Amino acid sequence: MRRLMKILLIGAGGLLAICVLLAVVMSRGGGGGNPTPTPAQAQRAATQAPAEAVATAPAALRVTEAPAPTAQSAASSPAAQPAATPTLPWGTSKEDVHTTLAEGQSAELVDGKEVYRLTLERIVDGAASTNQFQRPKEGNRYLLFALVVENAGTRAHLISAANCQLRTTAGFDYDPVFAPVGFEEGEALSQEIGPGGKARGIVVFEIPEGEQPLFLKFDPNPFTPAELYFDAPNALELVQSGAVGQPAPAQPEGTPGDQAGKSWGTSKNDRHVPLAPGQSGAIADGKQIYRVTIQNIVDGATSSNPFIQPKEGQKFWLVQVLFENAGTSSIHLAGNEWALRTQDGFDYEPEVIVTGFAEGEVLSGEVGPGGKAQGIVVFQIPQDAQPLFLKFDPNPLTSAELYFDAQ
């Protein structure tokens, strides 16, 4: 019995081997189903295949190719280049939205899953307040915007005037007036808005008489790139004519720290310039470039505010500066970016509360890419002290510092 089973197994194995051999022969040449094409057949099939593929492709994927130009037509007509679309040098992120700065204009801003709809209901140039303490400074005026903000997103958001910023045609950036009161156009914009809700309010800016708005910016989240710009109707014309542009320079300005021969500010990223009116310097902090110009120095400055006075034996040392942001992102100036060292080796921080000075207000606020800001920095130092250097350090985590050295 065992011998019979062995014979049957050997026979079955042989039959299986014969079946496999026949299958291989059929797939390689025989079979008659797919004969090997001749060279002429292969060439004809290659020319017909693309046309059949286009004819059977879905409509959304079909592409009609223009016939190749002949040698004569290519020589007689030069290749046409598409004209570049003029763009504005601000709000260049793909998430940013631009619309016209005009009454009745509406726009929608998508910031991830959050959606904001803004309507500019009214613009009042030269707005007035009934509050006797709410008055612009001499030479300035109030520019008021009445807005409606709709939250079309999924979460509640606190929206206020602090989410807005104004740039004028002179290139200066302005933050809104804090807590404006007495305006007939409404109350200050400040409201938590739930999903599907709306809020109405005013945003007021104090700007010089001779300056006009270039754009009004709405930024609901400083940690994301999505911003909404209401651009002046002639904004592009101003840019193309050169009336509005990016501040110079595009590179550091001043003597490098490792070449200045000083015992302070020795990093190669530091820059040194003389401490004198009219002097300018610029530092590169990564991709950010900041330029500072000394406009005026007042040794023994005075304040009209009776509560802002130096202590006995002290004096106010004031510097008026122009700040330019030639970088690629905004910077918020808080006033603590400065330090003064006197010739006896003592370091001083700037005064926190600075009011009543005829030279201007403290240099602070947000300055966007291409924007400028002007203000004062005030130090309280001994009567007989003299400055050794004034330092500007916009980022304590990097080594780029700007030094204005006394001569």
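The values are calculated or read from the model by the stated rules, or taken from the named source; none is laboratory data. Remember, predicted model here, so these are calculated numbers, not experimental data. With ideal geometry, Cβ positions are generated from the backbone for all residues, glycine too; neighbour counts draw on all protein chains shown.
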> Can we say E150 is in contact (Cβ under 8 Å) with a residue 60 or more places away in the chain, farther than 22 Å from T87 by Cα and touching a Lys or Arg at 6+ places or on another chain (Cβ under 6 Å)?
Replying inline: no
> Filtering the range 104-135 down to residues that are among the aliphatic types (A, V, I, L, M) and not in a strand (DSSP E or B), which residue is nearest to E227 (Cα to Cα)?
Replying inline: A127
>> Given the criteria assigned to a loop (DSSP other than H, G, I, E, B), at negative phi and either more than 31 Å from the chain's Cα centre (by Cα) or not β-branched (V, I, T) (or both), does K311 qualify?
In response: yes
> Is it the case that F346 is modelled with pLDDT of 95 or more, closer than 16 Å to F392 by Cα and among the hydrophobic types (A, V, I, L, M, F, W, C)?
Replying inline: no
>> Residues to consider are F379, F389; find the one that is touching a residue at least 12 places away in the same chain (Cβ under 8 Å), part of a strand (DSSP E or B), under 17 Å from G254 (Cβ atoms) and in the same structural domain as G286 (by TED's automatic domain parsing).
In response: F389
>> Regarding the range 259-267, can at least one residue be identified that is in the same structural domain as F357 (by TED's automatic domain parsing), loosely packed, with under 15 Cβ neighbours inside 10 Å, over 29 Å from the mean Cα position of the chain (by Cα) and assigned to a strand (DSSP E or B)?
In response: no
> Pick from the range 340-361 the residues that are touching a Lys or Arg at 6+ places or on another chain (Cβ under 8 Å) and either among the hydroxyl-bearing types (S, T, Y) or surrounded by 17 or more Cβ atoms within 10 Å (Cβ to Cβ) (or both): which of them is farthest from P208 (Cα to Cα)?
Replying inline: R341
> Taking the range 242-258 on its own, how many of its residues are buried (at least 16 other Cβ atoms within 10 Å of the Cβ), modelled with pLDDT of 80 or more, under 17 Å from T293 (Cα atoms) and of a type outside the set (D, E)?
Replying inline: 3
>> Six or more apart or on different chains, Cβ atoms under 7 Å: show the pairs whose first residue is in the range 292-306 and hydroxyl-bearing (S, T, Y) and whose second is assigned to a loop (DSSP other than H, G, I, E, B).
In response: S303/Q309; S303/T355; S303/G356; S304/G356
> Restricting the search to the range 186-238, which residues are buried (at least 17 other Cβ atoms within 10 Å of the Cβ) and among the acidic types (D, E)?
Replying inline: E206, E211, D219, E227, D231
> Just a yes or no: is a residue in the range 381-388 within 29 Å of A260 (Cα to Cα), within 25 Å of the chain's Cα centre (by Cα) and among the charged types (D, E, K, R)?
Replying inline: no
>> Return the residues of the range 93-110 that are within 26 Å of L144 (Cβ to Cβ) and not small (G, A, S); say none if nothing qualifies.
In response: D96, V97, H98, T99, T100, L101, E103, Q105, E108, L109
> Out of (1) farther than 15 Å from T293 by Cα; (2) without any contact (Cβ under 8 Å) to a residue 60 or more places away in the chain, what's the single condition that is false for I331?
Replying inline: (2)
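Out of contact with any Pro (no Cβ under 9 Å at 6 or more places or on another chain) and either closer than 16 Å to A301 by Cα or not assigned by TED's automatic domain parsing to the domain that holds D219 (or both): is that true of E361 in this structure?
Details: out of contact with any Pro (no Cβ under 9 Å at 6 or more places or on another chain): yes; either closer than 16 Å to A301 by Cα or not assigned by TED's automatic domain parsing to the domain that holds D219 (or both): yes.
Yes; evaluated as a whole, the condition is true for this residue.
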>> Contact list please: Cβ distance under 7 Å, first residue in the range 180-200 and more than 30 Å from Q132 (Cβ to Cβ), second residue surrounded by fewer than 16 Cβ atoms within 10 Å (Cβ to Cβ), pairs at least six apart or on different chains.
In response: E192/A156; E192/L158; I193/A156; G194/A156; P195/T154; P195/R155; P195/A156; K198/V148
> Can you find even one residue in the range 288-299 that is buried (at least 21 other Cβ atoms within 10 Å of the Cβ) and more than 21 Å from the chain's Cα centre (by Cα)?
Replying inline: no
